[in-house]
There are 2 protein chains.
Amino acid sequence: MENYLPHIAYDSVIFGFSGERLKILLLEYHNTGWLALPGGFVKQDENLDDAVHRGLQERTGLDKIYLEQFHTFGNVNRHQPEVMKTILEASAFSLTEYALLLDRFISVGYYALIDYEKVKPQPDALSDSIDWYFVDELPPLIFKHEEIVQKALASLQFNLDRKLVGMNLLPSKFTMKELQQVYEAILGEKLRRTTFQRKMLSLGILERHEKRFNGKAHKAPYLYSFRASSFAIDR
Amino acid sequence: MENYLPHIAYDSVIFGFSGERLKILLLEYHNTGWLALPGGFVKQDENLDDAVHRGLQERTGLDKIYLEQFHTFGNVNRHQPEVMKTILEASAFSLTEYALLLDRFISVGYYALIDYEKVKPQPDALSDSIDWYFVDELPPLIFKHEEIVQKALASLQFNLDRKLVGMNLLPSKFTMKELQQVYEAILGEKLRRTTFQRKMLSLGILERHEKRFNGKAHKAPYLYSFRASSFAIDR
DNA sequence: ACAAAAGTGTTACGGTTACACCCATGC
DNA sequence: GCATGGGTGTAACCGTAACACTTTTGT
């Protein structure tokens, strides 16, 4: 632990799209049933952004992840040493060795957008499991992480059109309907089919491919992909 | 120093409007001529936001300041211990007592909008002077603070319409022309007079008061103020 | 009366909305 | 052929742009 910066952490809100609704990854701490956002710490000589990428890589196995920093949380009332103490004890971690985890932390919030199908979440040393939960039906979280999720979602909604970010939640080829469902899931409202289609096409960033025949008794939709030039990940 | 959180700092970009152009406050360190953004540290049991307000209050004398957090800077290459060492030595500060200032810091960036006329900037213990500089003619800054200024400005531009934030740079009563000049200074472009006027009025947040006679040989402009309900400072 | 700046009316334009219609697909 | 969902054409609508015009002020 001594090669990490004290008092500084990050929390990540990892969004995925299950085909209908927006989900995020939550981890469950050993023997407590407590749920929280995946987070982590920054090494002494590591860039903040790199620390977050490292943590996400470990937990999702994904290498290139669309990441966006959205807010830094620095209120004193987020400090709950009893809760952290219980977590460490439940995992049989040495309280003396990890004492500095009981200190106050200022936490930088990031959100990530990933392809739900591509990830097999991996729990870390402190947690039993890591799993997907619907954003609009969140269970109670510790450390006031609900607030972080809400702010991440608001930020994602706000950036949706500006940064054309929806693509990162889908596989490389997708139908217009799937893209619309992503937008609807993020914005929490229904959009008009024809308007949405024309707006997306008018942006000039979509490439049309072959149709996808799904055996249904109706016209087969075209598959689209985003042009490389309008790529969202720009590390 | 030991009652402050190590490794955590904030930097503030304090915007003011001089009547024509946008300015920010920079401080000059003792005996070096080096310029930097006003920054500070967070006490052990102090909210991050409160720390920034405290620092701004000390330097500007203002009590209620419009503040917005915009980004947290955590790259390793921002760490320049030699520069900080020179600054401390130039001020004859004890290197042993203030050794932890030589450590790496992660810095939370805030921007503030204040009424240029109301503030009498006060230098702090490390600095000779604190003064206004045009944002579009910045001198070289230490600690890569140019990057922070650029990001603050981009964020301000981005939030300008959404949060109706321009008002915080003006006294409580102002003319439409003054408001337009603020917008033009922030956006860095000329706006159309009639369009701007109608857009602002159509928002329904301006209250019209008496005219301001300035002795010029032309029609006197109305004074406007923002309605209390659309107040920008919401602490 | 005149110049300068503030305020308003009118039309044109461009993007979004609403709704209709056509097209493709499998039963 | 028909039901279903995908794709496109068209006119209405709305906010902004462009520009002309009127109003107010001090010299």
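Throughout, read-outs are computed from the coordinates displayed, never taken from laboratory work. If you're wondering where the values come from, they're calculated on a predicted model, not measured in any experiment. All Cβ positions, even for glycine, are placed from backbone atoms using ideal geometry, and neighbour counts span all protein chains on display.
Here are some notes:
- Between region B:59-104 and region A:57-107, the Cα center-to-center distance that results, in Å: 25
- With the label put 7 angstrom out from Cα along the Cα-to-Cβ vector, residue A:221 ends up 5.1 nm from the copy partners, going from closest to farthest.
- In sequence order, region B:201-210 has phi-based couplings of 5, 5, 5, x, 10, 9, 10, 9, 10, 5 Hz under the Karplus curve 6.51 cos²θ - 1.76 cosθ + 1.60, θ = phi - 60°, and Gly or Pro positions carry x.
- Per-residue Cβ neighbour rank within 10 angstrom, fewest leading, A:96, A:195: A:96, A:195
- Here the chain A residue lying nearest the rotation axis onto B, judged by its C-beta and given with the distance in whole angstrom, is A:72, 2.
- Across region B:30-42, rounded Karplus estimates of 3J(HN,Hα) from the backbone phi angles (6.51 cos²θ - 1.76 cosθ + 1.60, θ = phi - 60°) give 3, 6, 10, x, 6, 10, 7, 6, x, x, x, 10, 10 Hz, Gly and Pro being marked x.
- Violating pairs (Cα-Cα greater than 29 angstrom) within the set A:144/B:120; A:43/B:144; A:199/A:219; A:163/A:219; A:64/B:190: A:144/B:120; A:163/A:219; A:64/B:190
- Cα-based Rg of region B:170-230 normalised by 2.2 N^0.38 Å, two decimals: 1.14
- Built amide H within the under 5 Å cut-off of residue A:127, gap 5+: A:30
- Residue order for A:43, B:216, fewest other beta carbons within 10 angstrom first, comes to B:216, A:43.
- Given charges at Cβ of Lys, Arg, Asp, Glu: region A:4-163 dipole, positive-most of A:44, A:88, A:121: A:44
- Remark: relative contact order (region B:4-163) = 37 percent; criterion is Cα-Cα distance under 8 angstrom and separation of 6 or more residues.
- Here's how it looks for residue B:47: its modeled amide H is under 5 Å from those of A:76, which are all 5 or more places away or on a different chain.
- Size check on the protein assembly as shown: the Cα extents along the three principal axes, sorted descending, read 79, 61, 38 Å.
- In terms of other Cβ atoms within 10 Å, B:53, B:7 run from fewest to most in the order B:7, B:53.
- Rg/Rg_ref, region B:43-130, where Rg_ref = 2.2 N^0.38 Å and atoms are Cα: 1.24
- A point 7 Å from Cα along Cα→Cβ stands in for residue A:63, and the other copies hold the same point at 5.9 nm, listed in rising order.
- Amide hydrogen neighbours beyond the local backbone of residue B:22, cut-off 5 Å, H modeled: B:135
- Using the alpha carbons alone, the radius of gyration of region B:4-163 stands to its Kirkwood radius in an Rg to Rh ratio of 0.94.
- Cα centroid separation - region B:122-167 against region B:11-48, whole Å: 7
- Ascending distances from the residue B:4 label point to its copies in the other chains, with the point 7 Å along the Cα-to-beta-carbon line: 2.5 nm.
- Taking N as its residue count, the alpha carbon Rg of region A:85-204 over 2.2 N^0.38 Å: 1.40
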